[in-house]
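Take a look at the structure below.
The values are calculated or read from the model by the stated rules, or taken from the named source; none is laboratory data. The shown structure was predicted, so the numbers you read here are calculated from the model rather than taken from an experiment. As a convention, Cβ positions derive from the backbone with ideal geometry for all residues, glycine included, and neighbour counts pool all protein chains shown. Please note that ligands, DNA and RNA were not included when accessible areas were found on the heavy atoms of the full protein model with its side chains. Shrake-Rupley method; radii C 1.70, N 1.55, O 1.52, S 1.80 Å.
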Amino acid sequence: MSKQTLSFQAEVAQLLHLVTHSLYSNKEIFLRELVSNASDACDKLRFEALDKPELYEDAPNLEIRVSFDKEARTITITDNGIGMSQAEAVEHLGTIAKSGTRDFMSRLSGDQKKDAQLIGQFGVGFYSGFIVADRITVESRRAGLPAAEGVRWSSGGTGDFEVETLERAARGTSVILHVREDATEYLSHWKLKQIIGRYSDHISLPILMPKEEWDKDKGEYVLQDEWEAVNSASALWTRSKKDISDEQYIDFYKAISYDSEAPLAWSHNRVEGSTEYTQLLYIPSKAPVDLWNRDRKSGVKLYVKRVFIMDDAEALMPSYLRWVKGVVDSADLPLNVSRELLQESRDVKAIREGNTRRVLAMLEDLAKKDKAPEVTEAADGVTDVVSEEDKAQVGKYSAFYAEFGAVLKEGLGEDFANRDKIARLLRFASTTTDTVSVSLADYKARMKEGQTAIYVITADSLAAAKNSPQLEIFRKKGIEVLLMTDRVDEWALSFLHEFDGTPLQSVAKGAVDLGALQDEEEKKAAEQAAESFKPVLDKLKEVLKDKAKDVRVTTRLVDSPACLVVEDGEYSTQLARLLKQAGQKAPEVHPILEVNAEHPLVRKLDAAKDGGAHFDDLAHILFDQALLAEGGLPDDPAAYVRRVNALLA
Ligand code: ADP
């Protein structure tokens, strides 16, 4: 192949511009990204060589070398991994076929710190070299190809790049950065070594740098021909817990997750039993931008006997825990395990169950320590001491829940075996508190005497839930109702019929049955009202027959004239609306209109029941308002406006 100039794909060009212009305040990440690519390339070689050992050629020891040349102003990162063919260099370094890129760009906030984090999440790592380089040259040869089929790729990071054939004896890749004027500080042994120590210490391959020694005669440090390893090159999780500091755990988390914040908690265990593995699992403190993508792979990397097998091994975690980050290193799985095989393996099933148990246990622990314990002085004058460690846990569960609570709920429908544990971890706002902090157990503990159900309401927003007419009778009687405003709530609740022996009951479904909470008199009054209102109800039913399935008198309302409810077990009007908005086929919901016999507007209806058109208008207004009150829209908004205006005039 003779020298060719090719254009970057439009997105790449745009991305490059962003990389060089928005990330200069966090320049040093370039080295982390390039070392990580080098390490991936070695992992890939090791993996391919399982079937084709000849790919190792005569260099079986995988390693990464980082060097620099002050005069030439270059930094070179070399690996002896899988390398790239000419076609691969063009494709991988010139086009981003990844759908994530567009998404990445749309998420850039202008906040350099956050944007720098995103670069990692979306895997546009290579281009970060342009933060410190005004030209990058890549020289590579794919393992297994002849020396004559190497490739040189070079670009100034603007519109285009050049490729040409290169004779290259060594397998693998060298990335040569031509350092910009304003990045001269990186042409330093000390500086590069420091960055490697900070970000890449856990890389399980040796990262070598030329030794530097003090030259007495010259009065300066001089690079030697000898190379030395500058990282510890032992996989962190293989070390014993007691030899790992919190800081090392946190640094490792940052390196595998591309998160700049420390995790909320982690758990590191050797599991022995029918299958043997090591797990190191982290609970992040912030949700990733694509949390809601259910196809998003899990954040757990799979190793087998310390050999990296794959990122994002989704079989190792249930989908509702897809945000957990970490590493599983199995002693039993075959090295050539594929994703398909993982799905079927009994060992993997055991690992997934073990991981799930572990994560839920971590969450239970955080939940237990979420609130600062009350320290009371005991009678004997001895005060219980709260450990510093426990103090540090306060507020973590709330923070976790704000980020991941809604995904956790998916577990109710996904993981039947752990449904009870998951239910205990849920938190809600309620009619007694706006903060999402009430657990089902808290609720149960303060249920009123005679109360036999956990009352809940689902709505689009906290305001809509709080002001919902269906709550009026509960408020009057001082009965707490849980307010559920996550989109997944109604779906998730359909899997949770009871908690600890007490049924959950939506206050917007079925007839109100407050059971023992309602006294005899109230029940009688309601029956009487239903009796005397029968003619109006019949008429309402007739007029609203296309909208309402039934019309009845209710005791659940205090201040509002009417509300809509559905039968037990039916989709709520709210869920039907959500499905429609999402473009999904929603079943036609015919709600029941319930009216408050005490309300003046309803009395007016009673008086107007022989009034023809006037009655019809009032009836439609009553129905449409009930719909509006819960965040819905009348089927025919113009007709609604016309009717109300007629009344106002
Ligand atoms: P990512 O690593 O997230 O895929 P990058 O932009 O960092 O994204 O790299 C793009 C692609 O270029 C990689 O997926 C890989 O195929 C190739 N690549 C980058 N660096 C190397 C390397 N040192 N050796 C072999 N291939 C590489």
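Some observations on this one:
- Cα gyration tensor shape of segment 424-516, rounded if a/c is under 1.5, else prolate or oblate by comparing a/b with b/c: rounded
- Sorted from longest to shortest, the spans of the Cα atoms of the chain along the three principal axes equal 109, 71, 49 Å.
- Based on the Stokes-Einstein relation at 37 °C and a viscosity of 0.692 mPa s, and on the Kirkwood radius from alpha carbon pairs, segment 236-368 is assigned a translational diffusion coefficient of 219 µm²/s.
- Rolling a 1.4 angstrom probe over the chain with all protein chains present gives an accessible area of which 49% lies on carbon and sulfur atoms.
- Principal-axis analysis of the Cα atoms of the chain puts helix 246-257 at an angle of about 90° to the longest axis.
- Here the Karplus relation 6.51 cos²θ - 1.76 cosθ + 1.60, evaluated at θ = phi - 60°, turns the backbone of segment 443-460 into coupling constants of 4, 4, 5, 10, 5, 6, 4, x, 6, 10, 9, 8, 8, 9, 9, 10, 7, 6 Hz, with x for every Gly and Pro.
- Amide H to amide H distances under 5 Å link L504 with I454, E498, F499, where only residues 5 or more positions off or on other chains count and H is placed in the peptide plane.
- Global geometry of segment 233-292, whether rounded, prolate or oblate, following the gyration tensor of its Cα atoms and the 1.5 cut on a/c: oblate
- Rolling a 1.4 Å probe over the heavy atoms of the protein chains gives the chain an accessible area of 48 Å² per residue.
- Placing +1 on the Cβ of every Lys and Arg and -1 on the Cβ of every Asp and Glu, with nothing else charged, gives segment 473-627 a dipole about its Cα centre of roughly 440 debye.
- Restricting attention to segment 424-516, close to 50% of DSSP beta bridges with both partner residues there are antiparallel.
- The angle between the Cα long axis of helix 534-543 and the longest principal axis of the Cα atoms of the chain comes to about 50 degrees, rounded to the nearest 10.
- Computed from point charges on the beta carbon alone (+1 for Lys and Arg, -1 for Asp and Glu), the dipole magnitude for the chain about its Cα centre is near 680 Debye.
- Helix axis angle, 613-629 relative to the chain longest principal axis, alpha carbon, degrees: 30
- Cut-off under 5 Å, modelled amide H: who pairs with R135 long-range: H178
- Loop-resident GluC sites (Glu not before Pro) (DSSP state other than H, G, I, E or B) in segment 14-91 with no more than 11 further Cβ atoms inside 10 Å of their Cβ: E71.
- Note on the chain: antiparallel DSSP beta bridges, both residues inside, total approximately 80 percent of the bridges counted.
- In this structure, the amide hydrogen of W227, modeled 1.01 Å from its nitrogen in the peptide plane, lies closer than 5 angstrom to those of K211, counting only residues at least 5 positions away or on a different chain.
- Overall shape of segment 397-461 was characterised from the C-alpha gyration tensor. The equivalent ellipsoid obtained from it has semi-axes of 20, 16, 11 Å, in decreasing order.
- C-alpha center-to-center spacing [segment 25-50, segment 473-527] in angstrom: 56
- Signed unit charges on C-beta, dipole axis of the chain, positive-most listed residue V641, Q518, L50: V641
- Selection from S7, A262, V536, by position along the positive dipole direction of the chain (Cβ): V536
- Here segment 518-648 is described by how far its Cα atoms reach on the three principal axes: 45, 38, 24 Å, from widest to narrowest.
- Distance from the alpha carbon centroid of segment 567-620 to that of segment 635-649 works out to 16 angstrom.
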